[in-house]
Amino acid sequence: MFLTQDLVAGAGFAIIGLILGFAARQIMSASKVGSFEKKAKESFEEAKIKTQDIILEAKEKADYLLQEVKNEEKARKQQMDKLEERLLKKEDQVEKQNQELAHQQVKVNQDVEKLRLAKQQIDVLKEKAEEKIEEIAGLSREEAKKKVIEEAKEEGKQEIIRSIQQIEREKKEEVEKKSLEIITSVIQRYARSHVSELTTSVFVLPDEDLKGKIIGREGRNIRAIERETGVELIVDETPDSVIISSFDPLRREIAKLALEKLLKDGRIQPAKIEEKVEEAKQEINKRIIELGEQATLEVGVYDLPKEIIQILGRLHFRTSYGQNVLTHSIEMAHISRMMAAELGLNVEVAKKAALLHDIGKAIDHEVEGTHVEIGRKILKKYNIDERVIQAMESHHDEYPYSVPESFVVAAADALSAARPGARRDTVENYIKRLQDLEKIASNFPGVKSSYAVSAGRELRIFVIPEKVDDFGALQMARDIAKQIESELKYPGEIKVNVIREMRAVEYAK
């Protein structure tokens, strides 16, 4: 505080010195000019007054600064007092806690001692009880322990076996359900028309008189055609048509095309027949390539060699149980694609393997071996992906199922072959089975209509709500299912779905 006052006083004297110096210079100037003496005195007085004002202002500022310092010191002292008070309280609390802990420690030590004594008593009683049990049971402790463990193991083993069987049963049911869902979905998504091919083709004539030209003098023309094409021409009473008969669709197609060319040319004779048959064969070869390209484009396979595409096109003129093999392969490719996508497998491998699975059938009449073995050799020759070969080689169980896609191809082959209408020997039985299903349901009282859907896997029955209540619908579903089981033969299972719909209608007038 005294240091601050000294600084203020020193500053005042310095200011006074400066003012006096300034005034002295003014007086010296005034000595030279007498007329300014009076002004100098007035300036000196004015400077003296200003000096006094400055000194007073400096004192006031010093007092203000001093007061601030005192206030800050007072605040710090208050904070220190509060901190000291809190520390004292904390110290008291810690002291109390220490006393409580010490008391609890004593109590815990007493409890531990009691427990030790109790344990000793329990051990003595346990030994006596074990001796008594051994005496009653006639077994030592180790023998009894071993027996209990063996019994527990046996019981646990049986429980584990039951659990495993239950899990397997549930997983099997789940897998079968999922498989049925995937197969049904794929069949419904891929709706392709099927036409079973026969061993004959009908060639329509523009004029009935042309039959004579086709037969020729003493039948020479018809014999030439049959000789060149390997088919049998049947010229009967059917108006404006000739029947071409052969087990080989390719031969029938060549004969049909040759007849078209002969009729267009107008000259039908053995030499011309030979020429037109050769032209027909060349056109068929071009068409075979086009058919192979169309098949690959339809299923989305774009990286096959030209030779494979040509062999694939030949399958259009090959049948299996009346089913066109190329149509069958295309359908399999679509089915395999959808099934592989549902199962998270390689779609490209499954699709390509399905398309090429029967490629050996195109030349199996020319080469020794099964069509699967011939197909494998063809695909290996043209460096087709090994995974594709592994996926296609198992569709007749001749080779092991080495990749997951092989199961998809085999399933697609079975679906396409057994699909209603695909092959001649199944369509009759298929239609009759659907008719029998609907007939069984329609014979029940209260049935309004019934429909066999999902390729005969589901029977939907609509009942009259006034005649059949909810419990009656449940009973009807069970009765119809039992009657189907007893009267019909069918693969897999059939879902009987009885639907009762109640509608209330009223008109506001």
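Readers should treat all values here as calculations from the given coordinates under stated rules, not as data from a laboratory. Given the structure is predicted, the values throughout are model-derived calculations rather than measurements. Cβ coordinates were reconstructed from backbone atoms using ideal geometry, including for glycine residues, and neighbour counts include every protein chain displayed.
Normalised by the number of residues in the range 292-401, the mean separation of alpha-carbon contacts (under 8 Å, six or more apart) gives a relative contact order of 21 percent. Shown is the FRET efficiency for Asn71 and Asn109, computed with R0 = 60 Å from the Cβ-Cβ distance and rounded to the nearest 0.05: 0.55. Once amide H atoms are placed 1.01 Å from N in the peptide plane, what residues at a sequence separation of 5 or more from Thr370, or on another chain, have their amide H within under 5 Å of its amide H? Counting only residues 5 or more places away or on other chains, the set is empty. One decimal place: the segment Gln158-Leu87 gains 18.6 nm when fully extended, by the rule 0.36 nm per residue minus the C-alpha distance. Once you reduce the range 212-247 and the range 279-319 to the center of their Cα atoms, the two points are 29 Å from each other.
FRET efficiency for the Val235 to Glu398 pair, using the beta carbon distance and R₀ = 56 Å, is estimated at 0.80. Computed from backbone phi, the HN-Hα couplings of the range 218-227 come to 6, x, 5, 5, 5, 5, 5, 5, 5, 5 Hz, rounded to whole numbers (Karplus: 6.51 cos²θ - 1.76 cosθ + 1.60, θ = phi - 60°; Gly and Pro given as x).
Here's the list of lysines a cross-link from Lys448 could span, going by alpha-carbon distance under 26 Å and ignoring same-chain residues fewer than 8 apart: Lys432, Lys439, Lys467, Lys482, Lys489, Lys495.
Highest-first packing order for the peptide set 86-95, 464-473 is 464-473, 86-95, based on the mean count of other beta carbon atoms within 10 Å.
Among Tyr382, Tyr507, the ranking by other beta carbons within 10 Å of each residue's beta carbon, starting with the fewest, stands as Tyr507, Tyr382. Here's how it looks for Ser320: its modeled amide H is under 5 Å from those of Val325, which are all 5 or more places away or on a different chain. Put in line by how crowded their Cβ is, counting other Cβ atoms within 10 Å and starting with the fewest, Ile289, Ile215, Ile149 read Ile149, Ile289, Ile215. Partners of Lys146 within straight-line reach, counting lysines whose Cα lies under 17 Å from its Cα and excluding those fewer than 8 residues away in the same chain: Lys157. Note on Asp265/Leu297: beta-carbon distance plugged into 1/(1 + (r/R0)^6) with R0 of 30 Å gives a FRET efficiency of 0.30. Under 20 Å of direct C-alpha separation, and excluding same-chain neighbours fewer than eight residues apart, Lys153 reaches these aspartates and glutamates: Glu142, Glu143. Near Lys157: Cβ cut-off under 14 Å, other residues only, Lys/Arg at +1 and Asp/Glu at -1. The net charge is -3.
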